[in-house]
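Report on the structure given below.
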Amino acid sequence: SQTIHQWPATLVQPVGSPLSLECTVEGTSNPNLYWYRQAAGRGLQLLFYSIGIDQISSEVPQNLSASRPQDRQFILSSKKLLLSDSGFYLCAWSKGAGTGNTIYFGEGSWLTVV
Amino acid sequence: GQQLNQSPQSMFIQEGEDVSMNCTSSSIFNTWLWYKQDPGEGPVLLIALYKAGELTSNGRLTAQFGITRKDSFLNISASIPSDVGIYFCAGQPISNFGNEKLTFGTGTRLTIIP
């Protein structure tokens, strides 16, 4: 069966510091991968979307970047965090194009920028 | 990005009551999904609907894909304390076919009053 894991679960970082959140998927190959952000009590905002290695689409202009160095690894990064980057970050995956679009989420990572 | 109209935004009910929430869109959808998010965790898929008119149950949960393909509802019967959380609808618009990104609703927060 497929599993998705992201870490760290909780992170407190000062303004201006770098960020790296990692996500891996097991039990499937060539998945679509996603990074979402959720502000407290709010809906889900799609940040990045990837259909393959080194193929990243950015959905909103922002202070963050994403990379996919391996088929089942997706990384969310920032060189200098802003206070507004605080939130709940969710990695997700779905099967490749043409095979269904149900999205499965990771456990989430709480980021607090202080 | 585009979001679905999900209502109600929040619900306060007593244990044992039935719950009903819905999502509507001005676009035609070819997939409707319902997720539940517990506090501090990632959303978990409850029910997936792929055909107009489809009615699917999962225990005390029942969801339907509207005939017009522009709406879906989720019902929960005989609510229990573990039903507390945020429920999200999600779907893929026909116009977005081939693009695997989903559109999410704004969420319905369910609270059970003691």
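Note on B:102-108: average number of Cβ atoms from other chains within 10 Å of each residue's Cβ is 4.
Any chance you could list the semi-axes, whole Å, largest first, of the equivalent ellipsoid that the Cα gyration tensor gives for chain B, using √(5λ)?
They are 24, 14, 12 Å, listed largest first.
Return the lysines within reach of B:K101: Cα separation strictly under 21 angstrom, same-chain partners fewer than 8 residues apart disregarded; answer none if there are no such residues. B:K101 reaches A:K95, B:K36, B:K51, B:K70. Taking only the C-alpha atoms of segment A:52-114, Rg followed by Dmax gives 13.3, 42 Å.
Once you have the Kirkwood Rh of chain A from its Cα pairs, apply Stokes-Einstein at 10 °C and 1.306 mPa s and quote D in µm²/s. Translational diffusion coefficient: 113 µm²/s.
GNM on chain B, alpha-carbon springs under 10 angstrom: the most fluctuating residue among B:G40, B:G85, B:G59 is B:G40.
P(r) for the protein assembly as shown, from all Cα pairs and a bin width of 5 Å, is 1, 7, 14, 18, 18, 16, 13, 8, 4, 1, 0 %, short bins first.
Comparing A:S50, A:S65, A:S29 in a Gaussian network model of chain A (Cα springs below 10 Å), the most mobile by mean-square fluctuation is A:S29. Per-residue mean of foreign Cβ neighbours for B:30-40 is 2 (Cβ atoms of other chains, 10 Å radius). Contact order for chain B, expressed relative to its length and based on alpha carbon pairs under 8 Å spaced 6+ residues apart, stands at 38 percent.
Bear in mind that the values in this text are calculations on the coordinates, not laboratory data. Since this is a predicted model, take the numbers as computed values, not measurements. FYI the Cβ positions are ideal-geometry reconstructions off the backbone, even for glycines, and counts take in every protein chain you see.
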